[in-house]
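The block underneath contains the structure these notes are about, expressed in structure tokens.
The values are calculated or read from the model by the stated rules, or taken from the named source; none is laboratory data. In this text the structure is predicted, and so the values were computed from the model without any measurement. FYI the Cβ positions are ideal-geometry reconstructions off the backbone, even for glycines, and counts take in every protein chain you see.
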Amino acid sequence: MAGEPLGSPEVYGDDRLFVAVGAHAGLDALASAGHPVVELGYTDRYDLGAQVLLWELAVALSGVVLGINPFDQPDVASAKAATSQVLADGLPSIPTVSVASLLDQVRPGDYVALQFFGDPDDPQLPLLEDARRQVRDRYRVATTFGIGPRFLHSTGQLHKGGPPTGVFLQMVGDDPVDVPIPGRDFTFSTLKHAQAAGDLLALQERGLRAGRITTHELLEALT
């Protein structure tokens, strides 16, 4: 997963494929432990164009295998509709759930998605990235860490329209500074909270394992 440091072979399940562009330390240990490893040659920056084309095709083909239309995002649109409904009706009261109640549902072959609706410069982000690594090591599953609402346009279709193998832990950060939106009767903070609520409701309506937690409890649970 993007931004995830390479771990030792024992922290991974048997559902991983490791692809390296150029030489990377640690791959031999993974291959020796039986994990599939693909090494792609890389000479210099002029190879980047070929890599872009290769991974565009890989994403499209992976979408087909996962049962996701790689050229459409109807479930992203449904989350937008849920957000609009929240803005029209007012922000709902969403209770937090315990971290354990969600992580106890993780099974082999699942993935855990940490979703943080907040400031991309929040000082807690390095701690959350480390929490993601600890989830991977402890449960031996794939993990993702998305900053909302921007991740909705990259992995949102996978979350809601892909296989029901995700466990979703949503966190919402504070907004010490808020700004009104010109021409609207709500602020950016209200919009962010509505998007978080809309996405969580869309996940839960599909029967997926999703809940809102606090960053403090997540960090406490993994120490």
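Mind listing whichever residues of region 152-183 are of a type in the set (Asp, Glu) and out of contact with any Ser or Thr (no Cβ under 7 Å at 6 or more places or on another chain)?
So the first thing to find is which residues in region 152-183 are of a type in the set (Asp, Glu), and the list is 174-175, 178.
174, the sole residue that qualifies.
Let's see how each residue does on (1) exposed (fewer than 15 other Cβ atoms within 10 Å of the Cβ); (2) in contact with a strand residue (DSSP E or B) (Cβ under 6 Å, 6 or more places away or on another chain); (3) in a loop (DSSP other than H, G, I, E, B); (4) not β-branched (Val, Ile, Thr):
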{"residue": "100", "(1), (2), (3), (4)": "yes, no, no, yes"}
{"residue": "108", "(1), (2), (3), (4)": "yes, no, yes, yes"}
{"residue": "115", "(1), (2), (3), (4)": "no, yes, no, yes"}
{"residue": "122", "(1), (2), (3), (4)": "no, no, yes, yes"}
{"residue": "134", "(1), (2), (3), (4)": "no, no, no, yes"}
{"residue": "158", "(1), (2), (3), (4)": "no, no, no, yes"}
{"residue": "167", "(1), (2), (3), (4)": "no, yes, no, no"}
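Within the set of pairs 6+ apart or on separate chains, which have a first residue in region 40-61 that is farther than 10 Å from residue 21 by Cα, a second that is surrounded by 11 or more Cβ atoms within 10 Å (Cβ to Cβ), and C-beta atoms under 7 Å apart?
That search, which allows pairs on different chains as well, returns 59/70; 60/70.
Taking the stated definitions as given, is residue 53 in contact with a His (Cβ under 8 Å, 6 or more places away or on another chain) and either assigned to a loop (DSSP other than H, G, I, E, B) or surrounded by fewer than 12 Cβ atoms within 10 Å (Cβ to Cβ) (or both)?
Details: in contact with a His (Cβ under 8 Å, 6 or more places away or on another chain): no; either assigned to a loop (DSSP other than H, G, I, E, B) or surrounded by fewer than 12 Cβ atoms within 10 Å (Cβ to Cβ) (or both): yes.
In short, no.
Go through the residues of region 190-203 one by one and say whether even a single one is assigned by TED's automatic domain parsing to the domain that holds residue 88 and surrounded by fewer than 16 Cβ atoms within 10 Å (Cβ to Cβ). Step through it out loud before you land on a result.
Restricting attention to region 190-203, the residues satisfying the condition of being assigned by TED's automatic domain parsing to the domain that holds residue 88 are 190-203.
Subsequent filtering for residues that are surrounded by fewer than 16 Cβ atoms within 10 Å (Cβ to Cβ) retains none.
No: region 190-203 contains no residue that is assigned by TED's automatic domain parsing to the domain that holds residue 88 and surrounded by fewer than 16 Cβ atoms within 10 Å (Cβ to Cβ).
Which condition from (1) at pLDDT 95 or above; (2) among the aliphatic types (A, V, I, L, M); (3) farther than 19 Å from residue 92 by Cα is the one that residue 125 breaks?
Failed condition: (1).
Working carefully through the options 81, 113, find the one that is under 19 Å from residue 151 (Cα atoms), modelled with pLDDT of 95 or more and assigned by TED's automatic domain parsing to the domain that holds residue 155. Give the steps one after another, and end with the answer.
Numbers: 81 fails: modelled with pLDDT of 95 or more.
Only one candidate passes the filter, namely 113.
May I ask you to list the residues in region 22-50 that are among the β-branched types (Val, Ile, Thr) and surrounded by 10 or more Cβ atoms within 10 Å (Cβ to Cβ)? Walk me through it before giving the result.
Here is the first cut: in region 22-50, the residues among the β-branched types (Val, Ile, Thr) are 37-38, 43.
Of everything in region 22-50, those that are among the β-branched types (Val, Ile, Thr) and surrounded by 10 or more Cβ atoms within 10 Å (Cβ to Cβ) turn out to be 37, 38.
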